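A.B. asks: Okay, handing you the structure first.
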Amino acid sequence: MDAIKSAIWQILPNMDELDADAVAMHLLEEIGVDGPEDLKFIEPSDLPMLKPIQVRKLIQSWKATAESPNHNDESPDIPSTSQRSVPSRSGSSSSSPSPTPTSDAAALQPSPGSGQANWSRTYDIPWNQFSKLLMKCLAEEKRPKASMRREMIRVLATDIQKSVAKPSKRQLTNISERIVAKYPKSFKDVINGEVVGTGHDSLLKNLHQRVHNQNRKEAEETPTRSTEEDEPTPKKRKSFDEYGCIDFMPDVLPIGHTEQTLQGKQQELKAAFQRGDVFDREAMTLTYSIQRKAIVTEQLTTPDLLKEWPYLFQEEGLCLHFENLVGFNPRRSLRETWEKKGKSILDFFEASCKPSLQPTLCSIEKCRAELGNDTPQIPGLLCLLMKYFGELVPSLIKEMEHTVTKEDVNKQKSFQRTPVLIACGDVLTASRWMLAIDGCVVADNIKEFLAALAMLFASYFCFGIEYSAGATATLDCIQRCFMKINPEKGSKARKTSGTHPKVLSLIREISDFEWSL
């Protein structure tokens, strides 16, 4: 993503870092850009979030670069450091050859002791260099304005690089943690009083982006590590399965049982389901270990799992499996979080001036008036989140006729493979929902949207599925803000590690909004 942001900043040097990050993420995830060499194919309609002049500048420059006889696809539109100056985030740039703002810093060797493991924990944060307005804001335990925050990040990054030209992410994490610990009410990531993620993710993201912007020429090449404190080169991740789990693959069978006795319980459960008996929670809990074996070791297909473990795809069964796997009931968590945070997030969206949100907001109010209750707000909030993140609602929810049957859906050969909800009728007013996985309807009579959403989310964890490419930000938001699953490392999305950048931006904006009330 750094190479894409570099190509944007080279043409629009005054663009805010968060805006550049959002544009780059949109190009990578929504448009399908793989690298700078693909930018010559961008059309105006691919950049709806930018102003017309900005779009024209970008497209004209990218196409001109691609048509240049000196253009090299391996390093498109990114001249060497000696041929360009890196625009500062204050907005100034120069087309003539000149030293980059960080050329001196880049040449610095780490100061004595900077390579020691405790360097970032003893680093003297330059509080005296920050503006008086910012320090007054911190002293009064208020959240600083965005402009104050950007200026603080600029000063902090510059000061850090006086000691270490290329600090590691772990070092920046330590510094971010210390700042948030000193002024939690001003910087901690919270929504309605509840901490999201580690609490310092958004500050770390801003600082990390700033440092890499100042060294982005080096960042585009193979990165080198500067100190012993750096993290070891990560091993290639084999799967996304174990992410966020506490009991991924039980290695001990229940006391008094063998695999044969548990298989006998499985057959009893299948017979009970055929008879229409009520859900047997005790038997499903007892057989959790062989359910995991069927999913992980035997890798049964979805239709085969549905045949062998029919209760697993009912609301009670799927939520129970998730509870054993992750540690809590997903539907209960969604309900509690909706009651605590739902109104705050809706209030934020209602106060937002984003044109893309207005049609959904109007539809929610219209449906509330027609039904005489607030039930449209819950599916409406999911739709608003997806609109805010620039993601398409059909990647998680598909609208169909209210009379649709599971046989109708299963006949559609091109139906998406990742988990998806089917609204039998309008998304905001549907009274019946279906869940489809691998193009196969596994539950066709879910009565409440919260239950349907809990099952949708749980299926990603229970069956070891990567987040849908078209809804990575929304699913990460549900995971961290609603389900409170906040591992410090990793992700269930292929192109993202840690909290999704768009989710961090939303958390920060909601926190600022709550403080402004």
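A.B. asks: Show me the helices (runs of 4 or more DSSP H) entirely contained within segment 102-221 in which 1 or more residues are among the β-branched types (Val, Ile, Thr), in contact with a Phe, Trp or Tyr (Cβ under 9 Å, 6 or more places away or on another chain) and modelled with pLDDT of 90 or more.
C.D. replies: Numbers: elements: 103-107, 119-122, 132-139, 146-163, 169-182, 184-187, 201-214, 216-220.
In segment 102-221, 146-163, 169-182 are the helices (runs of 4 or more DSSP H) which contain 1 or more residues that are among the β-branched types (Val, Ile, Thr), in contact with a Phe, Trp or Tyr (Cβ under 9 Å, 6 or more places away or on another chain) and modelled with pLDDT of 90 or more.
A.B. asks: While we're on this one: Using the structure shown, decide if Phe389 is closer than 23 Å to Asp189 by Cα, surrounded by 13 or more Cβ atoms within 10 Å (Cβ to Cβ), in contact with a Phe, Trp or Tyr (Cβ under 6 Å, 6 or more places away or on another chain) and not basic (Lys, Arg).
C.D. replies: Answer is no for this residue.
A.B. asks: If I ask for residues that are open to solvent by less than 80 Å² (accessible area, probe 1.4 Å), acidic (Asp, Glu) and either closer than 15 Å to Ile295 by Cα or part of a loop (DSSP other than H, G, I, E, B) (or both), which ones from segment 243-262 would you list?
C.D. replies: Once the filter is applied, which keeps residues that are open to solvent by less than 80 Å² (accessible area, probe 1.4 Å), acidic (Asp, Glu) and either closer than 15 Å to Ile295 by Cα or part of a loop (DSSP other than H, G, I, E, B) (or both), segment 243-262 yields only Asp247.
A.B. asks: Could you tell me which numbered condition Ala283 fails, if it satisfies all but one of (1) at pLDDT 95 or above; (2) within 30 Å of Leu475 (Cβ to Cβ); (3) touching a Leu at 6+ places or on another chain (Cβ under 7 Å)?
C.D. replies: Unmet condition: (2).
A.B. asks: Does any residue in segment 192-204 that is under 25 Å from Ser168 (Cα atoms) and among the polar types (S, T, N, Q) come within less than 6 Å, Cβ to Cβ, of a residue that is modelled with pLDDT of 75 or more and part of a loop (DSSP other than H, G, I, E, B) six or more places away or on a different chain, and which pairs are these?
C.D. replies: Sorted first by the residue in segment 192-204, then by its partner, the pairs are Ser202/Asp189.
A.B. asks: Within segment 410-420, can one find any residue that is modelled with pLDDT of 95 or more, in contact with a helix residue (DSSP H, G or I) (Cβ under 9 Å, 6 or more places away or on another chain), open to solvent by less than 10 Å² (accessible area, probe 1.4 Å) and closer than 21 Å to Ile364 by Cβ?
C.D. replies: Looking through segment 410-420, none of the residues is modelled with pLDDT of 95 or more, in contact with a helix residue (DSSP H, G or I) (Cβ under 9 Å, 6 or more places away or on another chain), open to solvent by less than 10 Å² (accessible area, probe 1.4 Å) and closer than 21 Å to Ile364 by Cβ.
A.B. asks: Sticking with this structure for a sec: Which one of these is surrounded by 12 or more Cβ atoms within 10 Å (Cβ to Cβ) and not β-branched (Val, Ile, Thr): Lys265, Lys307?
C.D. replies: Lys265
A.B. asks: From Phe463, Phe482, Phe457, which residue is in contact with a Ser or Thr (Cβ under 9 Å, 6 or more places away or on another chain), open to solvent by less than 20 Å² (accessible area, probe 1.4 Å) and farther than 28 Å from Val33 by Cβ?
C.D. replies: Selected residue: Phe482, the only one of Phe463, Phe482, Phe457 that is in contact with a Ser or Thr (Cβ under 9 Å, 6 or more places away or on another chain), open to solvent by less than 20 Å² (accessible area, probe 1.4 Å) and farther than 28 Å from Val33 by Cβ.
A.B. asks: Can you name the residue in segment 12-45 that is acidic (Asp, Glu) and crowded, with 17+ Cβ neighbours inside 10 Å and is also nearest to Ala469 (Cα to Cα) among such residues? Quick ask: steps written out before the conclusion?
C.D. replies: Here is the first cut: in segment 12-45, the residues acidic (Asp, Glu) are 16-17, 19, 21, 29-30, 34, 37-38, 43.
Of the ones still in play, those that are also crowded, with 17+ Cβ neighbours inside 10 Å are 17, 21, 29, 37-38.
On the way: Glu17: 23, Asp21: 17, Glu29: 7, Glu37: 21, Asp38: 19 Å.
Ranking the candidates gives Glu29 first.
A.B. asks: Now for a different question. Identify the residue in segment 428-443 that is hydrophobic (A, V, I, L, M, F, W, C) and part of a loop (DSSP other than H, G, I, E, B) and, among all such residues, is nearest to Leu300 (Cα to Cα). So that I can check it myself, show each step before the final result.
C.D. replies: Here is the first cut: in segment 428-443, the ones hydrophobic (A, V, I, L, M, F, W, C) are 428, 430, 433-437, 440-443.
Applying the additional criterion that residues be part of a loop (DSSP other than H, G, I, E, B) yields 428, 430.
Values: Leu428: 34, Ala430: 32 Å.
Across segment 428-443, the extreme among qualifying residues is Ala430.
A.B. asks: List the residue pairs whose Cβ atoms are under 8 Å apart, where the first residue sits in segment 462-491 and is under 24 Å from Gln299 (Cα atoms) and assigned to a helix (DSSP H, G or I), the second is at pLDDT 90 or above and among the β-branched types (Val, Ile, Thr), and the two are 6 or more positions apart or on different chains.
C.D. replies: The qualifying pairs are Cys462/Ile295.
A.B. asks: Here's something else I'd like to know. For segment 352-379, which positions are under 19 Å from Arg508 (Cβ atoms) and open to solvent by 60 Å² or more (accessible area, probe 1.4 Å)?
C.D. replies: Selection gives Cys353, Lys354.
A.B. asks: Here's a follow-up. Are any residues in segment 454-499 of a type in the set (Ser, Thr, Tyr), modelled with pLDDT under 90 and either in contact with a Cys (Cβ under 8 Å, 6 or more places away or on another chain) or closer than 24 Å to Lys340 by Cα (or both), and if so, which ones?
C.D. replies: Within segment 454-499, just Thr499 meets the criteria.
The values are calculated or read from the model by the stated rules, or taken from the named source; none is laboratory data. Here the structure is a predicted model, which means the values were calculated and not measured. A quick note on method: Cβ atoms are made from the backbone with ideal geometry, for glycine too, and the neighbour counts reach across all protein chains shown. Just so you know, the surface numbers come from the protein's heavy atoms only, side chains and all, with ligands and any DNA or RNA stripped out. Shrake-Rupley method; radii C 1.70, N 1.55, O 1.52, S 1.80 Å.
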